[in-house]
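The values are calculated or read from the model by the stated rules, or taken from the named source; none is laboratory data. Predicted model only: the values in this text are computed from it and were never measured. Note that we place each Cβ from the backbone using ideal geometry, even for glycine, and neighbour counts take in every protein chain shown. For accessibility, only protein heavy atoms count, side chains too; no ligands or nucleic acids. Shrake-Rupley method; radii C 1.70, N 1.55, O 1.52, S 1.80 Å.
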Amino acid sequence: SFEFDEQLHLYDERNAEMVNLFPKIEHGGPAEHVLKLKETVKAVNVPVIASLNCIFEETWVEYAKELANAGASALELNFYDTPKRFERTSLEIEDYQTRVVGLVKKAVNIPVQVKLSRFYGNVLNLVQRMDNEGADGFVMFNRLFLPDINPEKEEFLLNWEFSSPEEKLYTMRVAGLLSGNIKGDIIASNGIYSTSDVVSMILAGANSVQMVSAMYRNGSKHLVQVLENLDAWMERKGYDSLADFRGNMDYNNVKDKFQYTRSQYVDILLRKTPVFAQQEVR
């Protein structure tokens with residue numbers, strides 16, 4: 001909210017008749033967020049993970065401490081960075097974010113996980129660096145809201161769209177490549193709707209999954225159904241726990257390792273009859 005407020009008031013006081021263009025942002029600071037966190041912690045019997053997004057290194061640390069003191073069971077550092085300056089390099093952004101992870105880990109005594117977007121040159125390297133700084137988990141990936149334009153009215157649209165099931169495929173690939181190679185947990189997110197999606201992510205090496213768009217579309221009852229289907233699949237396969245099949249199909253455990261690179265591209269081109277849909281786990 002700080003950066004947004006700065007942008008709103010960039011052209012204030014241009015002349016005596018135009019002191020400001022926009023009203024001051026109120027009730028957007030950390031105090032309200034911390035208060036709501038405290039109320040939530042008191043109201044529920046499950047661990048509460050507090051999300052945090054800041055601008056300056058000092059405020060990352062300050063607000064992380066406040067959220068930890070307010071009762072958060074863990075923190076999720078939401079690294080949402082929209083490049084606006086041509087001279088700022090990718091390495092500068094990654095160095096800054098990696099440094100923040102280390103600072104926050106030293107400042108609090110609760111688990112710290114990182115939520116990343118998919119827009120990095122080599123996300124494997126970045127995750128490895130953050131893992132070395134002590135990050136306890138990695139949520140992959142954040143789905144960013146992007147601007148859209150109405151060409152008839154020549155104005156911007158408020159673009160609110162749910163994730164699509166196809167978006168999970170990139171998450172699955174990265175999870176499969178990271179599995180067994182980092183100390184932190186892998187939390188799969190983005191495009192996860194069905195029991196099949198959950199099972200696939202665990203097979204690829206994910207420790208857990210997040211379902212957001214599916215909950216918006218179908219309500220909380222959908223989660224109950226997914227868990228029931230998961231139990232039925234595990235019983236049919238003879239698995240007693242998620243650990244029994246977690247990572248069975250990650251990069252380190254499959255014979256055809258090229259499936260995580262480009263061989264599936266060749267297989268698809270050579271296939272006489274295209275496969276349009278994956279069989280659902282019911």
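Provide the packing ranking of 39-46, 120-127, 200-207, 254-261, i.e. peptides ordered by the mean count of other C-beta atoms within 10 Å per residue, highest first.
200-207, 120-127, 254-261, 39-46
Give me a comma-separated list of calculated 3J(HN,Hα) values for segment 96-101, in order, Karplus coefficients 6.51, -1.76, 1.60 applied at θ = phi - 60°, integers in Hz, x for any Gly or Pro.
Result, rounded to whole Hz: 4, 5, 5, 5, 4, 4.
What distance in nm separates the two pseudo spin-label positions at VAL46 and ASN69, each 7 Å out from Cα along the beta-carbon direction?
Simple spin-label model gives 2.9 nm for this pair.
Under a cut-off of 30 Å between alpha-carbon atoms, report the lysines in cross-link reach of LYS36, not counting same-chain residues fewer than 8 places apart.
Candidates past the 8-residue exclusion: LYS24, LYS65, LYS105, LYS106, LYS115, LYS221.
Of the peptides 139-151, 104-116, 82-94, how do they stack up when ordered by the mean number of other Cβ atoms within 10 Å, highest first?
Highest mean packing first, the order is 104-116, 139-151, 82-94.
For labels at PHE145 and ARG118 in the simple 7 Å Cα→Cβ model, what's the distance in nm?
2.0
Once neighbouring chains are kept in place and the probe is 1.4 Å, which whole percent of the accessible area of segment 71-123 is contributed by carbon and sulfur?
54
Under the rule of at least 5 residues apart or a separate chain, name every residue whose amide H is placed under 5 Å from the amide H of ASP185.
GLY137, PHE138
For segment 58-118, what class follows from the C-alpha gyration tensor (a ≥ b ≥ c being the square roots of its eigenvalues): rounded when a/c is under 1.5, otherwise prolate if a/b is larger than b/c, else oblate?
The shape class here is prolate.
Applying the Karplus parametrisation 6.51 cos²θ - 1.76 cosθ + 1.60 with θ = phi - 60° to the phi angles of segment 142-147, what ³J(HN,Hα) value in whole Hz is obtained for each residue in order, glycine and proline being reported as x?
6, 9, 7, 7, 10, x
Karplus couplings for segment 194-201 from phi (6.51 cos²θ - 1.76 cosθ + 1.60, θ = phi - 60°), rounded to Hz, Gly and Pro as x?
Ordered by residue, 3J(HN,Hα) equals 10, 4, 4, 4, 4, 4, 4, 5 Hz.
With r as the distance between the Cβ atoms of LEU270 and TYR96 and R0 = 45 Å, compute the FRET efficiency 1/(1 + (r/R0)^6) and round to 0.05.
0.50
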